[in-house]
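Contents: one structure, followed by commentary.
The values are calculated or read from the model by the stated rules, or taken from the named source; none is laboratory data. Quantities reported herein were computed from a predicted structural model and do not represent experimental measurements. We place every Cβ from the backbone using ideal geometry, glycine too, and count neighbours over all the protein chains shown.
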Amino acid sequence: MLWKEWLVMSSVYTDKVLDYFRNPRNMGKMENPNGVGKVGNAVCGDVMFIYVKIEGNVITDCTFETFGCVAAIATSSALTEMAKGRTLDDALTISNKDVADKLDGLPPLKMHCSLLAEEGLKSAVEDYHKNNSQTK
Amino acid sequence: MIYLDYNATTPIDKLVLEKMTPYLKDFYSNPSSVYRFAQESKRAIENARSYVADLISADPEEVIFTSGGTEADNFAIKGRAFFYQDKGNHIITSKIEHHAVLKSCEFLKKIGFEITYLDVDKYGIIDLNQLEESIRNDTVLVSIMYANNEVGSIQPIKNISKICNKNGIIFHTDAVQALGKIDISVKDLNVDLLSISSHKIYGPKGVGALYVKKGVKLIPLHHGGGQERNMRAGTENVPGIVGFGEACRISKEELKEQEKKIRLLRDKLEEGIKQKIPDIKVNGHHDKRLYNTLNICFKYIEGESILINLDFEGICTSSGSACTSGSLEPSHVLLSMGIPHELSHGSLRFSLGKFNTMRDIDRVLEVLPLIIEKLRKISPFWQKKYG
Ligand SMILES: Cc1ncc(COP(=O)(O)O)c(C=O)c1O
């Protein structure tokens, strides 16, 4: 392992990550969501529930519940902020790197948390489409 | 700041620092040099050696200074394995050892040794029957830690050494966490090799020792000069060794008094948490556990997030789980004790020491319930249960 990699590996959280962790935005279960994304599993240590409210083609509200480390909580919270107000197509373009960037970066070992957040939103939108097609 | 991570390391005792300072400043001579100026460094090392030996009831000649607990463990295991290579290549250890022992064994496995890892029960204690059954003709070493760093479980060392003696097998114990907390007598325990470290007993970091019973042979790991009776080459860490010696001297004096004081604080913390916070699990045995250690699983949440929240409040603790590339890696100790993955992710370790006060405990009991509640509110599992 290179010294540089080793130093980065043992790096700590940015102030942004700690801020989102300490003051999580959009936290909690949503009443009557239009879609819910449930990703991760407890054995591996990270589970995210992403709830979306959708009106027309726009995500009007987005909240989360997370079991996991600091990075898991911060990324899910950041993601909900990013998703709000976007059209469905637009929201699906949010990548894990976008989430990490919003937090001024994540330690490399925690990048999988941002991936989980990305997947959580995609799965919530999928769930919405599924619910929609059933009611039609 | 409230420091509750004494199993990780301890602050240095003021007396220890005072004792060390002259050897950092004035007595800088190489102890191996022959002029009179060097005699003081040499004398100081031997003086320290007698304090270290005294704390564990050993003879000073049986104490070899090392760079810490990790080196002592490596030395005992590899040094013994290499010495006995021709006679046998089987080593017995446990699943809950410190990485200094586990990784040394893993290394030996790669070069042809066979390792048996003993299970532990739900309290983190090995089964003596399994130990007896695991012994083979080619077993050359048994290495079982005295007290565990994460949960504090204490092994039946005397019984283990009896079994090893009966079978003529060398027994090493990692006593890094036991030193200064348990009254250790190598004579009484009848162990062959015992690892200790200075920075867990209010001494400086980067120094420790391996007790090697008279007559027990090892291959040295460091080759070079003739220091430590040719067993550990390298110019001695004189200030470190002097500090370690002083830390041992003080520890012997304070042993009983510390236990009384710290146990009281730990029990208060444990009782308080049990009273104020639902859905928790205290890990380890009630009695067969270090009196300063409290390892708790908080259901539905994850350890690091508790730790960081406590850090915001100026409280230093430690959590078992470490996040590696793909997932959270729960502590190998808790998993070996049969605690499920989900639960072991939520573990937190409080380890107390002689500078803690009742006010520290009161403060933790004030903020911890709020932190746990806040995190549980975010958790999907908690909501499912009560929402
Ligand atoms: C049980 C145990 N063994 C070995 C060590 C390593 O000691 P050191 O930090 O002196 O290398 C530690 C401390 O981390 C420990 O707790």
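Brief remarks follow.
- Of the helices (runs of 4 or more DSSP H) lying entirely inside the range A:1-101, those containing at least 3 residues that are within 11 Å of chain B (Cβ to nearest Cβ) and among the hydrophobic types (A, V, I, L, M, F, W, C) are A:15-22, A:70-83.
- Residue satisfying all of: in the range B:82-126; acidic (Asp, Glu) and free of Cβ contacts under 8 Å to residues at least 60 places away in the same chain; nearest to residue B:168 (Cα to Cα) among these: B:86
- Note on the range B:191-224: residues that are among the hydroxyl-bearing types (Ser, Thr, Tyr) and either under 26 Å from residue B:156 (Cβ atoms) or more than 16 Å from the ligand (Cβ to nearest atom) (or both) amount to 3.
- Filter pass, residue B:143 being more than 23 Å from the chain's Cα centre (by Cα) and either in the same structural domain as residue B:214 (by TED's automatic domain parsing) or within 11 Å of the ligand (Cβ to nearest atom) (or both): no
- Taken as a whole, the range B:272-281 holds at least one residue that is among the small types (Gly, Ala, Ser) and part of a helix (DSSP H, G or I).
- Candidates A:49, A:64, filtered to the one that is among the hydrophobic types (A, V, I, L, M, F, W, C) and more than 21 Å from residue A:16 (Cα to Cα): A:49
- Residue B:96 being under 24 Å from residue B:139 (Cα atoms) and either surrounded by 21 or more Cβ atoms within 10 Å (Cβ to Cβ) or not assigned by TED's automatic domain parsing to the domain that holds residue B:131 (or both): yes
- Qualifying residue in the range B:149-161 (condition: within 13 Å of the ligand (Cβ to nearest atom), surrounded by 17 or more Cβ atoms within 10 Å (Cβ to Cβ), over 19 Å from residue B:336 (Cα atoms) and under 18 Å from the mean Cα position of the chain (by Cα)): no
- Unique match (being in a helix (DSSP H, G or I), in contact with a Ser or Thr (Cβ under 8 Å, 6 or more places away or on another chain) and within 29 Å of residue B:38 (Cα to Cα)) among B:206, B:225, B:243: B:243
- Elements of type helices (runs of 4 or more DSSP H) contained in the range B:335-387, each with 2 or more residues being modelled with pLDDT of 95 or more: B:358-378
- Count of residues meeting criterion [in a loop (DSSP other than H, G, I, E, B) and within 13 Å of residue B:72 (Cβ to Cβ)] in the range B:162-176: 2
- Number of positions in the range A:107-123 that are away from chain B (no Cβ under 13 Å) and of a type in the set (A, V, I, L, M, F, W, C): 2
So that you can scan it fast, the table gives a plain yes or no per residue for (1) at pLDDT below 95; (2) surrounded by fewer than 20 Cβ atoms within 10 Å (Cβ to Cβ); (3) assigned by TED's automatic domain parsing to the domain that holds residue B:203:
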site	(1), (2), (3)
B:262	no, no, no
B:271	no, yes, no
B:305	yes, no, no
B:315	no, no, no
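- Of residues in the range B:162-186 being among the charged types (D, E, K, R), in contact (Cβ under 8 Å) with a residue 40 or more places away in the chain and more than 22 Å from residue B:79 (Cα to Cα), the one farthest from the ligand (Cβ to nearest atom): B:183
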